[in-house]
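Right, one structure below, let's go through it.
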Amino acid sequence: IRPIYVCEDILMGQAAAAFTVGMAAVQIKQQSAIGKYNQRVANRNAEIAIQEKGQIDKQADFDIARFDQKFRQEVGKVEVALAKSGVDITSGSGARVTEANQLEAEMQNKITRYNADVGMARKTEEAQLANIRGQMARQQARLQNISTFAKAGTSLLSMSSFAPKKDPGVLVGDM
């Protein structure tokens, strides 16, 4: 082996080390960017779930108000029909019909509110899970950064002076 090859080996080793460091830096930067992006997506999904939770609550309020309006209209029709037929709505079967209608209305409102509360609880849980997924995506990117950094370090150590020396063989001047 000629002495010039030793210099080429040194220069190639330095170039390989620089390349390894450069590629590791690029990879770490990309992993971080992907982790941040995935976290932003998950956070946006959480915001959407919270907005949907608010919509469920508003829809329940609207449905209850609409039901109450229709119920009052129907009660009015029933009262008019009972009055036309001569039934006293303050006592007897008229009072029982009125009471049954009131109980039915109350039950319907409670069912509507319960269903809305269940839907809102689901959306809250969905938002919390989305936030957790975002945090996990960010942590996963950090772990990938550490792994990449460790691999680059291992690669550099294997190229460095800590690696076993190659026997240069017999140099021309040594003969």
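Name every residue in the stretch 79-113 that is part of a helix (DSSP H, G or I) and of a type in the set (Asp, Glu), in order of residue number.
Our first condition is that a residue be part of a helix (DSSP H, G or I); within the stretch 79-113, this holds for 79-84, 92-113.
Within the stretch 79-113, GLU79, GLU99, GLU104, GLU106 qualify.
Suppose the filter is buried (at least 16 other Cβ atoms within 10 Å of the Cβ), free of Cβ contacts under 8 Å to residues at least 60 places away in the same chain, in a helix (DSSP H, G or I) and not β-branched (Val, Ile, Thr); does ASP63 pass it?
Yes: the conditions hold for ASP63.
Does at least one position in the stretch 131-140 carry a residue that is open to solvent by less than 40 Å² (accessible area, probe 1.4 Å) and closer than 30 Å to ILE48 by Cα?
yes
For every residue, the table says whether it meets (1) charged (D, E, K, R); (2) open to solvent by 90 Å² or more (accessible area, probe 1.4 Å); (3) over 22 Å from the mean Cα position of the chain (by Cα).
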residue: GLY54; (1), (2), (3): no, no, no
residue: GLN69; (1), (2), (3): no, no, yes
residue: GLY76; (1), (2), (3): no, no, yes
residue: LYS84; (1), (2), (3): yes, yes, yes
residue: GLU104; (1), (2), (3): yes, yes, yes
residue: ARG122; (1), (2), (3): yes, yes, no
residue: GLU125; (1), (2), (3): yes, yes, no
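If you go through the stretch 44-59 one residue at a time, do you hit one that is hydrophobic (A, V, I, L, M, F, W, C) and within 15 Å of ALA141 (Cβ to Cβ)?
no
Anything in the stretch 86-99 that is surrounded by 10 or more Cβ atoms within 10 Å (Cβ to Cβ) and either closer than 30 Å to MET120 by Cα or of a type in the set (Val, Ile, Thr) (or both)? List them, or say none.
Across the stretch 86-99, the qualifying residues are VAL87, ILE89, VAL97, THR98.
The values are calculated or read from the model by the stated rules, or taken from the named source; none is laboratory data. Note that the structure is a prediction, hence the values are computed from the model and not measured. Using ideal geometry, Cβ is built from the backbone for each residue, glycine included, and neighbour counts are taken over all protein chains shown. Side chains are part of the model used for accessible areas, which takes the heavy atoms of the whole protein and leaves out ligands, DNA and RNA. Shrake-Rupley method; radii C 1.70, N 1.55, O 1.52, S 1.80 Å.
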